[in-house]
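Here is the structure we will look at.
The values are calculated or read from the model by the stated rules, or taken from the named source; none is laboratory data. Not measured: the values here are computed from a predicted model. Every residue, glycine as well, gets a Cβ built from its backbone with ideal geometry; the counts of neighbours run over all protein chains shown. SASA here: full protein model, heavy atoms, side chains in, ligands and nucleic acids out. Shrake-Rupley method; radii C 1.70, N 1.55, O 1.52, S 1.80 Å.
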Amino acid sequence: MEYFSTQEIGRIFILRLDQGDMVLESINELIVKEGIKDAVVVSGIGTLDRCTLHMVMTTSYPPVERFERWEDKPLELASIDGIIADGKPHLHAVVSDHEKAYAGHLESGCRVLYLAEIVIMEVKSLDLIRIPNDKNILRLISRK
């Protein structure tokens with residue numbers, strides 16, 4: 001186990017997305033526009049009508065991944081959370097239809113149905129980056 005700590009909290013962004021906005025693409029746009037280097041996504045809620053999540057399907061290496069896609073289907077966006085390190089987001093989401101909930105890695109192409117609200121909290125002085133280990137799994141480290 002390794003952990004990283006800072007008492008330096010930066011800006012807090014509350015991102016409002018409207019019908020037709022793309023979720024991950026909008027987050028990436030905010031990261032670039034505001035020069036966000038390291039941050040945590042602490043909340044994300046809303047509704048979607050398009051969504052792609054990927055999840056692991058095996059416990060072996062390399063991991064086998066499955067991509068779940070929904071097109072023109074109403075989904076509740078129950079949660080988005082994760083870490084932005086070196087300006088690159090690693091985010092997971094939980095979505096549900098009227099029968100089940102699904103969770104996985106948030107992919108591009110997720111579109112807002114009615115609205116979405118996402119809270120991003122910038123953290124300072126951690127200097128985070130992800131580097132692949134010997135099994136090509138990205139590990140979060142601090143350059144400090």
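Remarks
- Note on the range 23-87: percent of Cα-Cα distances in each 10 Å bin, starting at 0 and stopping at the bin with the largest distance, equals 17, 38, 36, 9.
- With R₀ set to 22 Å, the beta-carbon distance separating N133 from D81 gives a calculated FRET efficiency near 0.45.
- Surface share of carbon and sulfur [accessible, 1.4 angstrom probe, percent] for the chain: 52
- Rg(Cα)/(2.2 N^0.38 Å) for the chain, N = residue count: 1.09
- Only Lys, Arg (+1) and Asp, Glu (-1) charged, at Cβ; the range 31-144 dipole about Cα centre in debye: 500
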